[in-house]
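I have placed the structure first, in the form of structure tokens, so that the comments after it can refer back to it.
Every number in this text was worked out from the coordinates using simple rules, so none of it is lab data. Note that the structure is predicted; figures quoted are calculated from it, not measured. Because the Cβ atoms are built from the backbone with ideal geometry, glycine has one as well, and the counts that use them run over all protein chains shown.
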């Protein structure tokens, strides 16, 4: 096999990335979600290319072209459903991947750059998914595009110019749809480049692990933990995860493919009729709840942006002490409170703006930022100051 790896640089890279790459031997199944996220990305790119062959990015034809894919294209219904439900699966997998990284301290030195690149990937995923949600040109697609792009009008002095530039005119129309389609097609390839960079950075210092220690096979490491080659030890684990993933995904596609969708999006876009309750896809709901919890439009936009930016700043807010939260009682409690709060925000994001959901959204938004700005740094500071975990540093 080593002689095969020397035949071509690409084969050499794949050989050292997939076959002989050393990982900590104590990784659990939560580490499957990184490879699952890459699998979801491949599914989305491949299915998206086939959908683009039949989709027409024109306001008079977009909705009809989606119906044409569903009714007339051979297995078009399957391609569309695997793309739509694959987006939900992609975000679910990435959320678990990020929460696992947060719980086990994957943002702590020397993995700051790795974490920041991951946050950038997450941000581009959000933009890509939003533009993809607009493309079917149903009622919810049109009005979601109108509401979200109008947020830019809150920017002082140049807000109206930005909105007009985003629309390509003076309303959400054909130019807007064409722009969103072009960017939605392009951005997954940018994500692929960033994922490659993400993997390179991961291999620079080795994978994190439940103990939060640097493996003994990493250069200059002081903490010792045994490692195993990626193949066959981790490929078997990943294969098991892939099989379970496809079982759940196909069950959703064949039994309830519109579970995560909105019925209003099966109505053609009508600028003269506003839906009673405009909601985004489920994976945007926590951020949508934070946006609506601020009574000021500009303040809501700032909070929405900061909710992503603060994830990238986390390595600078807390970057010392033992990595894994499993050894930190305070962090454990706060982490699960944070997860519960995030789920609560997701539920509130789907509710009407009224009492008590509005006040609950404000509290949830406050706790979201309080967790990152106060709880995580302060508990790490206390542990560091009192040297509770000094030997594990």
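For residue 358 and residue 382, the FRET efficiency from 1/(1 + (r/R0)^6), where r spans their Cβ atoms and R0 equals 30 Å, is about 0.30.
The Cα atoms of the chain define a convex hull whose projected area, averaged across directions, is 21.9 nm².
Working from Cα pairs under 8 Å separated by at least six residues, relative contact order for the chain is 23 percent. One chain, two ends: residue 347 and residue 333. Fully extended at 0.36 nm per residue, the span grows by 2.9 nm beyond their Cα-Cα distance. Sorted ascending by nearby beta carbons within 10 Å, beginning with the fewest, 318, 160, 229 become 160, 229, 318. The range 330-355 and the range 53-99 have their alpha-carbon centroids 29 Å apart.
Listed from fewest to most Cβ neighbours within 10 Å, the set 369, 122 follows the order 369, 122. Counted by neighbouring Cβ atoms within 10 Å, the residues 143, 165 run from fewest to most as 165, 143. Here is how the number arises for the chain: DSSP H runs of 4 or more residues each give -39500 (n - 2.57), the sum is divided by the residue count, and the result at 222 nm is -20500 deg cm²/dmol. Estimated from the Cβ-Cβ distance and a Förster radius of 56 angstrom, the FRET efficiency linking residue 276 and residue 317 is about 0.85. For the chain, a Gaussian network of Cα nodes joined below 10 Å ranks 272, 98, 53 by mean-square fluctuation, and the top entry is 272. Model label sites at residue 233 and residue 183, defined 7 Å from Cα along the beta-carbon direction, differ in position by 4.4 nm. The label-point distance for residue 150 and residue 123, in a model that sets each label 7 Å from Cα toward Cβ, rounds to 2.6 nm. In this label model, residue 161 and residue 366 are separated by 3.8 nm, measuring between points 7 Å along each Cα→Cβ vector. Cβ-Cβ distance of residue 53 and residue 77, R₀ of 22 Å, FRET efficiency by 1/(1 + (r/R0)^6): the value works out to about 0.90.
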